[in-house]
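Nothing in this text is a laboratory measurement; each read-out follows from the coordinates by a stated rule. Here the structure is a predicted model, which is why all the values come from computation and not from measurement. Neighbour counts run over all protein chains shown; Cβ positions are idealised from the backbone, glycine included.
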Amino acid sequence: MDTFRQDLFRGKVLFCTGGRSGICYEITQTMMGLGADAAIVGRDAKGLEESANKLSKATGRKCLATPADVRDAKAVQGAVKATIEKFGRIDFVVCGAAGNFLVPISGMSENAFKTVVEIDLLGTYHTVKATLPHLRESKGAYLHIGVTLHYRGTPWQAHVSAAKAGVHALSRVIAVEEGPRGVRSNVIAPGLIGDTGGWDRLSVKDYDPSKGVPLGRIGTKMDIAQAAVFIFSPAAEYITGTEIPVDGGDHHLYRSP
Ligand code: HXC
């Protein structure tokens, strides 16, 4: 990526939940490509180690695999401790670990709803609580991976819509409480992102969702990574408590039934 200075994040450390794959892997790789070191967090220890090795190899920066389930506060605290032991600081946090599956609310079990709320919302709370002292020290920034699903009533997404609406709200509170200490908090709300495992699992067959997207295409992981770089860069130093839909304008589109 040559839009940004190659050493933009030199000396900085990223802590990224959900960094093993998908959008958060791309964000991590892009930020490491601009000089950051990183710790990635996820449940699958073996997969995480493989991803960390791949990221280091691709960028020449250090990447630490810190396995943890974000639902477990103590495990997240352990991941943060390992990151501080390795790098001595945390500047940027991406709260990106998320669960999702398609199910109408009529068929959604209590445990299914609770599971997604615990991963997406409680997991974000755990991550924020564990990292905040370090972000206060570095005057760092949070980036939460939100959604546009809850801007309207998206069928089969009650659990994710409710959980992520909470994440958007949490981010705004962090922004106003921690702004005076120099900590920023923002949300990127990805639209339809085509090159992810989530897309493969969640898209509905025989339906062309790119139809009508104002910018004329489905998004890519790199679209999200570039927005993340902007949010963490000094170019966004006066931006906090906001949410940026990165969706080609899709959430503004009225689709007739
Ligand atoms: C109905 C389901 C289900 C499904 C799980 N459950 N999958 N219910 N349909 N397809 C229910 C289970 O039956 C169970 O309830 C409860 O959820 C917990 O399931 P477990 O498998 O025991 O939980 P766990 O092992 O903790 O993992 C669940 C999970 C996983 C993490 C939520 O299923 C998952 O989603 N993995 C994919 C992660 C992912 O793709 N993340 C990216 C999201 S992208 P019962 O009642 O049976 O005990 C994104 C962007 C949105 O969110 C964009 C949308 C277009």
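Tabulated results
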| quantity | calculated |
| --- | --- |
| Alpha-carbon centroids, the stretch 182-257 and the stretch 67-118: separation in whole Å | 21 |
| Stretch in the chain that is longest and holds no chymotrypsin sites (Phe, Trp or Tyr not before Pro) that DSSP places in a loop and that have at most 15 other beta carbons within 10 Å | 102-206 |
| Rg over Rh, two decimals, the chain (C-alpha only, Kirkwood Rh) | 0.95 |
| The chain, dipole about Cα centre (Lys/Arg Cβ +1, Asp/Glu Cβ -1), debye to the nearest 20 | 400 |
| When each of K74/K139; K114/K164; K57/K139; K74/K164; K12/K81; K81/K221 is checked by Cα-Cα distance, pairs over 20 Å | K74/K139; K57/K139; K74/K164; K81/K221 |
| Inter-probe distance in nm under a simple model that places probes 7 Å from Cα toward Cβ, at R255 and H168 | 1.7 |
| Listed residue (M222, Y151, A58) projecting farthest to the positive dipole end of the stretch 13-252, Cβ model | A58 |
| Sparse-neighbour loop sites [GluC sites (Glu not before Pro); the stretch 168-250; at most 14 other C-beta within 10 Å; DSSP] | E237 |
| For the stretch 151-257, convex hull volume per residue from C-alpha positions, Å³ | 119 |
| Cβ-Cβ FRET estimate between R181 and T242, R0 fixed at 25 Å, reported to 0.05 | 0.85 |
| Karplus (6.51, -1.76, 1.60) ³J(HN,Hα), θ = phi - 60°, over the stretch 24-39, in Hz, Gly and Pro reported as x | 6, 5, 5, 4, 4, 4, 5, 6, 5, x, 9, x, 6, 8, 8, 10 |
| Degrees between helix 73-87 axis and first principal axis of the chain (Cα, 0 to 90, nearest 10) | 40 |
| Exposure proxy order (Cβ contacts within 10 Å, fewest to most) of S56, S185, S51 | S56, S51, S185 |
| Angle in degrees between helix 45-59 and the longest Cα principal axis of the chain, rounded to the nearest 10 | 70 |
| Largest-first ellipsoid semi-axes for the stretch 27-76, taking √(5λ) over the Cα gyration tensor eigenvalues, angstrom | 21, 11, 7 |
| Where Rh is the Kirkwood radius over Cα pairs, Rg/Rh for the stretch 131-183 | 1.12 |
